[in-house]
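Asks: Encoded as structure tokens, here's the structure I'll be asking about.
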Amino acid sequence: MSAAVLEQLMKSAADAPAIKRNRSVPRFYLNEFEVEQMTGILVSTLRKNRSKGVGIPYIPMPRCIRYSMEDVVAYMEAQKINPEDRRFNPEFKRGRPRKDGSAPNAATGIARAVAANKKETAKAE
């Protein structure tokens, strides 16, 4: 993530309406309720993920948990899905499993069309 994006996020967090919080903690550390507001991940899910050892990296402190804003933004960026990458990706499987246990492949139809097109162009030449 670029430093400019992180600075802009920190500046917007500093300018945001004050959430009742301990002012001794710098604004680039968030509690779990602020992370919930920012990401939409429920506090219960954040707690469950911490107990499983997955999810957003956190800092345990006496009687509270803090999340670095940089880690939260990095986690959100890692979850980003580009529709163009998924559309023609042969590894992307969609639909329910077939009766024989194999998974449907979204690119199968596209691959068949491309192969048929290659055969037609080869015959035409």
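Asks: Which residue pairs have Cβ atoms closer than 8 Å, lie 6 or more positions apart in sequence or on different chains, and pair a first residue in segment 68-81 that is part of a helix (DSSP H, G or I) with a second residue that is small (Gly, Ala, Ser) and at pLDDT 90 or above?
Replies: What qualifies is TYR75/GLY55.
Asks: Which members of segment 34-66 meet the condition of being hydroxyl-bearing (Ser, Thr, Tyr) and loosely packed, with under 13 Cβ neighbours inside 10 Å? Reasoning before the result, please.
Replies: Looking only at segment 34-66, we keep the residues that are hydroxyl-bearing (Ser, Thr, Tyr), and these are 39, 44-45, 51, 58.
Correct list: SER44, SER51.
The values are calculated or read from the model by the stated rules, or taken from the named source; none is laboratory data. Being a predicted model, the structure only gives us computed values, none of them experimental. With ideal geometry, Cβ positions are generated from the backbone for all residues, glycine too; neighbour counts draw on all protein chains shown.
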